[in-house]
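Below is one structure; the comments refer to it alone.
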């Protein structure tokens, strides 16, 4: 947007004296973290004219309102590296999807949809399977086998026992990671584990933002280490794909990539004879669960295209 540029992790827009990053937005107010503290801001009306809305993660320029304590007005939104619609955030380096192995029982179609959506937007994906302490090795092995070749880094954790958290934390260093997952999977517990002793360092920010202790209602950036941030986002019950065409779906399933030499092209990999993907499923080279999810999602996309 405009000629402003973002230089690495430094907050620089190219003009003006006050720069910052939106770390939370609630009811038309935006909390902007700057070198001088957190400013409560409204967005200039000019953004409404061109349909632009400030997002959590945006690097911005703001005018300070004289005579008022730590308040300002957002005047410039710097160029975005990327933008995600679900959750609605900007300038992320990767996405961390958190699912529980049990309690609640994982909906793998929803997991696949999340993977597909982030991949379609060019966002690297990490998958964390939490609540290892509530299941057995066989169940863990089945899930990690099914998703071992999906093109995402996998982590198995127990927030309760602090298992697997150190490895997960290392994968977040130096990056801004958006964290998403269904309600009840232990996302807040994982985030508390990631914070470690840094809880005290984020206390002032949390007080300023009126952050709830247990339930996330709005997206919010939380520092977890030097130049390392996570974006906590609200849990959800369902997840719908957008801007993904049925004809492109198989290309986002990494397990299919070496089996696309089907007899008839284009091939939907559902009913055609001589389909190399279906043959690979029969041989066990593509996980049955992943293939069934693909067929289900493909049918959904085809139905939505007809209506």
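What follows draws every value from the coordinates through simple rules; no lab data is involved. Keep in mind that this is a model prediction, so the values were computed, not measured. Cβ placement follows ideal geometry from the backbone for every residue including glycine, while neighbour counts extend to all protein chains displayed.
The shape of region 82-181 can be summarised by an equivalent ellipsoid whose semi-axes, obtained from the alpha carbon gyration tensor, come to 23, 15, 12 Å from longest to shortest.
Across region 246-306, the fraction of Cα-Cα pairs farther apart than 18 Å, rounded to a whole number, is 28%. Angle of helix 288-306 to the longest C-alpha principal axis of the chain, folded into 0 to 90 degrees and rounded to 10: 70°. With everything on Cα atoms, drop me the angle between helix 108-120 and the longest principal axis of the chain, reported from 0 to 90° to the nearest 10. Value to nearest ten degrees: 60. Using R0 = 41 Å, the C-beta based FRET efficiency linking residue 149 and residue 183 works out to 0.90. Rounded to 0.05, the FRET efficiency of the residue 261 and residue 302 pair, given R0 = 35 Å and the Cβ-Cβ distance, is 0.90.
GNM remark for the chain: springs join alpha carbons under 10 Å apart, and the peak mean-square fluctuation among 113, 160, 131 falls on 160. Each Cα pair under 8 Å and six or more residues apart adds its separation to the average, and for the chain the resulting relative contact order is 15 percent. Working note: 222 nm ellipticity from helices only, DSSP H runs with n ≥ 4, each -39,500 (n - 2.57), summed and divided by the residues of the chain, gives -7000 deg cm²/dmol to the nearest 500. Measure out, as a whole number of angstrom, how far apart the alpha-carbon centroids of region 255-290 and region 30-85 sit. Computed from Cα coordinates, the inter-centre distance equals 48 Å.
For helix 137-147, report the angle its Cα long axis makes with the longest principal axis of the Cα atoms of the chain; keep it between 0 and 90° and round to the nearest 10°. Taking the Cα atoms of the chain, the angle to 137-147 is about 80 degrees. Checking (1) 22.0; (2) 19.6; (3) 21.1 against Kirkwood radius over Cα pairs in Å calculated from these atoms, the matching label is (3).
Region 19-80: percent of C-alpha pairs farther apart than 14 Å? If you can, show how the numbers build up before the last one.
Details: 912 of 1891 pairs.
The share of Cα pairs beyond 14 Å in region 19-80 comes to 48 percent.
Between residue 166 and residue 289, the FRET efficiency from the beta-carbon distance, with R0 = 30 Å, is close to 0.55.
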